Amino acid sequence: MTQQRGLLIILSGPSGVGKGTVRAAIFKDNKFNYVYSVSATTRQSRPGEVDGVDYYFVSKEQFKQYIEEDALLEYAEYVGNYYGTPIQKIEENLAAGNDVFLEIEVQGALKVRERMPEGIFIFLAPPSLDELKSRITGRGTDREDVILERMQMAKEEIEMMQHYDYVVVNDTVEHAVEKVNAIIQSEHLRVERVVDRIRADIKNYFQQEGER
Ligand code: 5GP
């Protein structure tokens, strides 16, 4: 029987919306066996982050080499650093029937849409712009002008929502996790994804009937 190809799931959304938190909760849950696509980045690791688990922390030179070798499905520059999605493991996992989960910013997601339109694109949206602003302010890391700039950027990123398949409002992490998992489960049940398996079973049944 042919192996069902895994799903490529892309969770994306504006800066500050809580993509990382939702993704971490999905993987902590462990109920579903998604393979997390570990990105490469040129940014410094933060305390507690593990190389090869959270990111592959690489030099700018190494990153440039990945680009030249066409080893990245997409990449983007974000706040002065490069972030990119290594393609090889994704291909291997999809072929092996594993669902692969990407958590990336909006520009990168749009590039993935061009190259792998069969992916499932989920846009994580803030409950409101006021709430987004208080989340960004709450980080306590940005100056007022930087916050303004981020809000302007968020406005443009939210406009990109139309290029996605689903929108999940991140009101609480728990709700968002539930909705993301429900989307993925439903996607597995689409007729085009199950029809080959069921037809093969029917063929098999009648073949055996004929031999009896
Ligand atoms: P952080 O530095 O906070 O870990 O991530 C910054 C932003 O980069 C987040 O919005 C995150 O989703 C995004 N990001 C992480 N990995 C990738 C990637 O491989 N490609 C792109 N385009 N964005 C990424």
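Within the stretch 179-189, identify whether any single residue is open to solvent by 50 Å² or more (accessible area, probe 1.4 Å) and within 18 Å of residue 104 (Cβ to Cβ), and answer yes or no.
No.
In the stretch 24-40, which residue that is buried (at least 20 other Cβ atoms within 10 Å of the Cβ) and within 13 Å of the ligand (Cβ to nearest atom) is nearest to residue 93 (Cα to Cα)?
37
Can you pull out the residues in the stretch 41-51 that are open to solvent by 70 Å² or more (accessible area, probe 1.4 Å) and within 9 Å of the ligand (Cβ to nearest atom)?
Across the stretch 41-51, the qualifying residue is only 46.
Report yes if residue 182 is within 19 Å of residue 18 (Cβ to Cβ) and in contact with a Leu (Cβ under 7 Å, 6 or more places away or on another chain), otherwise no.
No; evaluated as a whole, the condition is false for this residue.
If a residue has to be near the ligand (Cβ under 8 Å from one of its atoms), assigned to a strand (DSSP E or B) and of a type in the set (A, V, I, L, M, F, W, C) to count, how many in the stretch 74-109 make the cut?
Here the count works out to 2.
This table checks each residue for (1) in the same structural domain as residue 150 (by the TED database); (2) among the β-branched types (Val, Ile, Thr); (3) at pLDDT 95 or above.
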{"residue": "22", "(1), (2), (3)": "yes, yes, yes"}
{"residue": "28", "(1), (2), (3)": "yes, no, no"}
{"residue": "42", "(1), (2), (3)": "no, yes, yes"}
{"residue": "51", "(1), (2), (3)": "no, no, yes"}
{"residue": "55", "(1), (2), (3)": "no, no, yes"}
{"residue": "60", "(1), (2), (3)": "no, no, yes"}
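Out of all the residues in the stretch 121-139, is one or more assigned to a loop (DSSP other than H, G, I, E, B) and under 13 Å from residue 11 (Cβ atoms)?
no
What tally of residues in the stretch 52-73 results from selecting those that are more than 19 Å from the chain's Cα centre (by Cα), surrounded by fewer than 16 Cβ atoms within 10 Å (Cβ to Cβ) and outside any helix (DSSP H, G or I)?
3
Which numbered condition in (1) surrounded by fewer than 19 Cβ atoms within 10 Å (Cβ to Cβ); (2) modelled with pLDDT of 95 or more is the only one that residue 12 fails?
(1)
Considering only the stretch 91-98, I want to know if a residue exists there that is open to solvent by 20 Å² or more (accessible area, probe 1.4 Å) and over 24 Å from residue 114 (Cα atoms).
Among the residues of the stretch 91-98, not one is open to solvent by 20 Å² or more (accessible area, probe 1.4 Å) and over 24 Å from residue 114 (Cα atoms), which makes the answer no.
I'd like the full set of residues that are part of a helix (DSSP H, G or I) and either within 20 Å of residue 73 (Cβ to Cβ) or touching a residue at least 40 places away in the same chain (Cβ under 8 Å) (or both), limited to the stretch 28-41.
29
Here are the criteria: (1) open to solvent by less than 40 Å² (accessible area, probe 1.4 Å); (2) over 16 Å from residue 120 (Cα atoms). Tell me which single one residue 202 does not satisfy.
Going through the list (1) open to solvent by less than 40 Å² (accessible area, probe 1.4 Å); (2) over 16 Å from residue 120 (Cα atoms), residue 202 breaks only (1).
The values are calculated or read from the model by the stated rules, or taken from the named source; none is laboratory data. Note that the structure is a prediction, hence the values are computed from the model and not measured. Please note: Cβ atoms are built from the backbone with ideal geometry, for glycine as well, and neighbour counts cover all protein chains shown. These area figures cover heavy atoms from the full protein model, side chains too; ligands, DNA and RNA do not enter into them. Shrake-Rupley method; radii C 1.70, N 1.55, O 1.52, S 1.80 Å.
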